[in-house]
Structure formats: structure tokens, C-alpha cells
Amino acid sequence: MKTIEKYVFGSFLSSFLLAFLVLSFVLTIALMVEIIGYVLEGMPGDVVWHFALVSFPETMQWTIPIGLLVASVLVFSRLSADSEIAAMRSCGVSILSVMRWPMAFAALCTLVCMYVNNEIVPRGHEVRRSLKDKISLDTGLELLEAGRVIDDFPDAKVYFDRKEGNWLYDLCVWDYSNKKVMRLITASRALVSKEGATLVLDLRNMTIDPLDENHPQMAHAQRFNYRVENALKQSKHKHKDKDLRFAEMRAKIASRKADVEEATAKCRAYEGGDKEAKAKLDKGRRAMRRALSDIQTEYQRRWVFAMASVCFVLVGIPLGIRAQRKESTIGMAISLAVALGYNLVIILMMSISKNYHAHPEYLIWIPVAACLALAAYLIPKNL
């Protein structure tokens, strides 16, 4: 690496690291507040660590490309404003040679983003969605909170005024286990424990109203054992498209393509036949095509997000050179405009991901094509 290339790349790398850290801090403030809340509620350390481990890297899909864009615009606008670009040209130094190492670093970042988008982010979605059930399973008794209605259980809602150890005071339970009648259970106090996934309440000085559907009157007892079955059982979530990792998504896309082809063949077999049966088959075929379009758009979105690293550097460098002003104001404005435009198109395509007639899985590549076209126009002008 030549001295001048080392100088430019060193400035670029330091600016990127600073921008990356600032952006990461801003994007993770809400996440850190959420994690602190879980810690204060008594969640086990391994659950908190698992949640943080999959959540913090997710921000990299945003912070890496935008950090590269900010660094490109700021560094090269400063070089242009200080006439260092003009000095390089007068000495016969090609701008392309200066761009070489920032571009190589951007290519490396693209690979990192591809891995993050296809492996880490899907895992984070799944973990966060199942976290509530995992908390209930691991720490159900510890997280019972006084002063609020707890409606996390399948067939009951629970409320109590205060808690001392495993004793709950002034307890109310709305029992929905009997589908024919809802019962209100009250107790002056209750000793809470768990047996596997079952929550056990040893009620003292309790009432139940009504007793059951055949006895509508209120009943009293000094002591009664009330069980909430499967209250702490971890439910199984159905995988959504955004939860699928790279290999899983490829297999799912192939499966949905096969379904669409099979449905299309069945529709063709009914040409000129039973119109009602053909209409039902055609409705199913359209639903399959919408599902296929949705997952294909999600798959392409991950690659478009990853490609932003290279695209932002290709566009940011010539835009920075042409800024001809100090980097503080115009550089940030340019960075914001490019990043906003790039992501707005992605958001728009994801909003119509099920509209297979529009082929959003192809249109989502518009910001990449636009950046490459803009770079192809601007870079030759700055050589």
C-alpha cells in the first residue's frame, strides 16, 4: 500500500469506526433499556445474555452500511475542501487507486452483512418472539407482579395486591377453564408453587362464584387447591418467513415454487370443465403465488441490505469529492439523503411483497441499480 493510499484509508477507517460506534449506540438505547428492565424484573442472567447476544448484532445491518456512507462522504469531502484531491491529480495519482482500499473494505463488510442478515437477524426475531414464554417457563413464580392483571396464562387471569416470598395477598382469579361459565375466585392469601408447567395456588379463606354451571350460587372454603394447567408451558411458535435462515429459506422457496407449479397444472387440467372447481383451484393458486412472492421478496431484501455497503461507498466517495465544502454539514445531509432514499424503496417493496403481479422481488433491487448507475456517472467525472 502506497503512503497516500495508507493515509486516505486510515482516515476512512477511523471515520467509519467512529460513525459505527455512534450509530450503534443510538440504535441500541431502546434495546439496553429493555434489557435493564428484564434484569430488574429478576430474569436469569443466561436468558438476558442470550437475548442480548442475538439482539445487538442485528443493528449491524443498519450501522455498517450507513457508517461506510458517512465515512466516504466526510473523508473525501474534507480531502476535496483541503485541495488534497487536486494535489493528488496534479501528481498523477488516480482517484481509483485511492478508492481501492475503501472499496475492498466495503466488500468485506458486505460479506459480514450477508451473514448477519441471513443467520443472526432471523435468529434474533425468533428469540425475541419466544422470550415471553421462556421467561414464564424459567422464572414464572419470580416474575409474578403485584398490582396488575396477569393475563399470560391460557385459561385464567390473576391479580393480587402484594407479594411476600411465595405468598400472594388479596388474590383474584378469573377462571376460564370451563367454557360454559366464567368463575371468579377470591382469597385473602395464597401460597404459590409450581409442578412442572402447572401453577399451583393453595388458597386460604377463599370464595368461588359460581361453583359451576349447575350450581350458580357462591361457595366458600377455608382452604382450596387451585391449579392452572400448562400456565408455565413454553409454546411453540410457527416459523415466519423472516425467521428462516439462509438454507431454510432456500428450501422454503423451492417448496413454494413446486406448490405453485402443481396448482397451475391442476388449473390447466380444469380448462373448459367444472367452473366452480376451477375457481377454487385458481383461488388457491393465487394464494400460493402471493406466499411465494412474499418469501422471495424477503430473501432479496437481505441481499439488497448487504449490498448497501458497496453501493454507499461507490456513491459516497464521488459525492464527497463534489461537495466542495467542509464535511460537517453537507456531508451529513448527503449521507442522510442517500440512506433514506435507499431504505425507502426497500420499505415500499416490502409493503407490496404479496403483489406478485408487480414482481417486488425484482423491483427491490432498484436502489442497488440506481446507486451503481449514479456511481458510473459520477466516478469518471472525478478521475
key: Virtual spin-label span in nm between residue 86 and residue 366, 7 Å along Cα→Cβ   = 4.0
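Quick one: which of 266/354; 242/283; 180/252; 180/283 span more than 30 angstrom between C-alpha atoms?
Check vs 30 Å cut-off fails for 180/252; 180/283.
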query = So for 280, 381, fewest C-beta neighbours within 10 Å to most, what's the order?
reply = 381, 280
ask   = Of the listed peptides 81-89, 187-195, what is their order by residue-averaged count of other C-beta atoms within 10 Å, with the highest listed first?
value = 187-195, 81-89
key: Sequence of 342, 226 once ranked by neighbouring C-beta atoms within 10 Å, starting from the fewest   = 226, 342
task = Give me 76, 305, 246, 9 ranked fewest to most by other Cβ atoms within 10 Å of their Cβ, as a rough exposure proxy.
result = 246, 9, 305, 76
request  = Subtracting the Cα-Cα distance from 0.36 nm times the residue separation, let me have the gained length for residue 290 to residue 167 in nm, one decimal.
outcome  = 39.0 nm
query = If the chain between residue 26 and residue 200 were fully stretched, how many nm would it gain, using 0.36 nm times the residue separation less the Cα-Cα distance?
reply = 58.3 nm
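Around residue 220, under 14 Å between beta carbons, what's the net of Lys plus Arg minus Asp minus Glu among the other residues? Intermediate results must be reported in sequence, preceding the final value.
Working: positive: 183, 204, 223; negative: 209.
In short, +2.
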ask   = Roughly how compact is the range 156-228, stated as its Cα Rg over 2.2 N^0.38 Å to two decimals?
value = 1.06
ask   = Given a Förster radius of 25 Å and the C-beta distance between residue 146 and residue 221 as r, what FRET efficiency does 1/(1 + (r/R0)^6) yield to the nearest 0.05?
value = 0.60
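Readers should treat all values here as calculations from the given coordinates under stated rules, not as data from a laboratory. A quick note: this is a predicted structure, and the numbers were derived from the prediction, not measured. For neighbour counting, all protein chains shown are included, and Cβ atoms are generated from backbone atoms with ideal geometry for every residue, glycine included.
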